[in-house]
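Trainee: I am attaching a structure below and will ask some questions about it afterwards.
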Amino acid sequence: GGGADPGSAARYFNDKTYPKTAQEAAPQWVREDGVFCLKFDGKGNIVTFPRETIPSGSFRLSFEIKPLSNKEQALLECRSKYIGPLHLRLKSGKLQAVYRDWNLTKHAQAEFGVEAGESVQIPLGKWSKVEVAYDLKRLRISVNGKAGKDTPLSQPGYSFSSCVFGGFGGDSAAYYEGYLRAFRVQHGAKMD
């Protein structure tokens, strides 16, 4: 409705930020490679999660994606009216992440490497498992079991915020085009 809480992703549909070219807001349930999953059309499909999905404390997020386009596109945006802690995108098939701590300090690595200088590519048309883990001391991102360099973080994440998988804003070109399965968030997660 029109009176949505400004902390809710529901407000997203109450202003002019949703792409006018979008045909369906929800992705379609399909069977791909023998497993049920969500298919995003790259024009405006999203899945919204409640504010507590990505906590300001420790967590482990994992999901599997099979992108169908090499365009720059959003995966997970934690935001509503206000910016949230975690943002994941694909750019030229490479994972980009931004994490904002409680002081709004932006921690970002444009390309997460397995070793110094080695970038992690998410292949087009193939399943990849993405995992983000944070234990109040460091943030670790891995793709297909290959972890990038840990980013030291001693501050909890900035504010609870709704999470949107698939895109955010009026630019329909930046919406995810591909498949999603096995989306999981574990709160209070520990790392080795």
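Trainee: Hey, any idea what % of segment 39-79's accessible area is carbon plus sulfur with a 1.4 Å probe?
Mentor: Carbon plus sulfur share of accessible area: 43 percent.
Trainee: Something else about it: Taking amide H atoms as placed 1.01 Å from N in the peptide plane, list the residues 5 or more away in sequence, or in a different chain, whose amide H sits under 5 Å from that of Ser58.
Mentor: Amide H neighbours of Ser58: Gly188.
Trainee: Given the pairs Lys20/Lys94; Lys20/Lys149; Lys94/Lys137; Lys71/Lys146; Lys43/Lys149, which are separated by over 31 angstrom at their Cα positions?
Mentor: Among Lys20/Lys94; Lys20/Lys149; Lys94/Lys137; Lys71/Lys146; Lys43/Lys149, the Cα-Cα distance tops 31 Å for Lys20/Lys149; Lys43/Lys149.
Trainee: Using the heavy atoms of the protein chains and a 1.4 angstrom probe, tell me the accessible area per residue for segment 39-82 in square angstrom.
Mentor: Here the residues of segment 39-82 average 36 Å² of exposed surface.
Trainee: Quick one: what are the phi-derived ³J(HN,Hα) couplings along segment 125-134, Karplus 6.51/-1.76/1.60 with θ = phi - 60°, whole Hz, x for glycine and proline?
Mentor: With coefficients 6.51, -1.76 and 1.60, one gets x, 10, 6, 9, 9, 10, 9, 10, 10, 9 Hz.
Trainee: Continuing with the same structure: Glu32 versus Phe49, label points 7 Å from Cα toward the beta carbon: distance in nm?
Mentor: The two pseudo-label positions are separated by 1.8 nm.
Trainee: Next question. May I ask you to evaluate 6.51 cos²θ - 1.76 cosθ + 1.60, the Karplus curve with θ = phi - 60°, for each residue of segment 139-149 and list the ³J(HN,Hα) values in order in whole Hz, giving x for glycine and proline?
Mentor: 10, 10, 10, 10, 10, 6, x, 9, 8, x, 5
Trainee: On to the next question. If amide H atoms are built 1.01 Å from N in the plane of the peptide, which residues on other chains or at least 5 residues away come under 5 Å of the amide H of Arg138?
Mentor: Leu153
Trainee: Also, quick follow-up: Within 9 Å, Cβ to Cβ, of His87, how many net charges do the neighbouring residues add up to if Lys/Arg are +1 and Asp/Glu are -1?
Mentor: Residues close to His87 contribute a combined charge of +2.
Trainee: Ala22 to Ala182: extension gain in nm, 0.36 nm per residue of separation minus the Cα-Cα distance?
Mentor: Value of the extension gain: 55.1 nm.
Trainee: Once phi is turned into ³J(HN,Hα) by the Karplus curve 6.51 cos²θ - 1.76 cosθ + 1.60 with θ = phi - 60°, what whole-Hz value does each residue of segment 52-63 show in order, with x for glycine and proline?
Mentor: 7, 4, 9, x, 7, x, 6, 6, 9, 10, 9, 7
Trainee: Moving on. If I ignore ligands, DNA and RNA and count only protein heavy atoms, how much of Trp127 is accessible to a 1.4 Å probe, in Å² to the nearest 10?
Mentor: Approximately 50 Å² of Trp127 is accessible to the 1.4 Å probe.
The values are calculated or read from the model by the stated rules, or taken from the named source; none is laboratory data. Bear in mind that the values here come from a model prediction, so they are computed numbers and not experimental data. Positions of Cβ are backbone-derived with ideal geometry, glycine not excepted, and every protein chain shown enters the neighbour counts. SASA here: full protein model, heavy atoms, side chains in, ligands and nucleic acids out. Shrake-Rupley method; radii C 1.70, N 1.55, O 1.52, S 1.80 Å.
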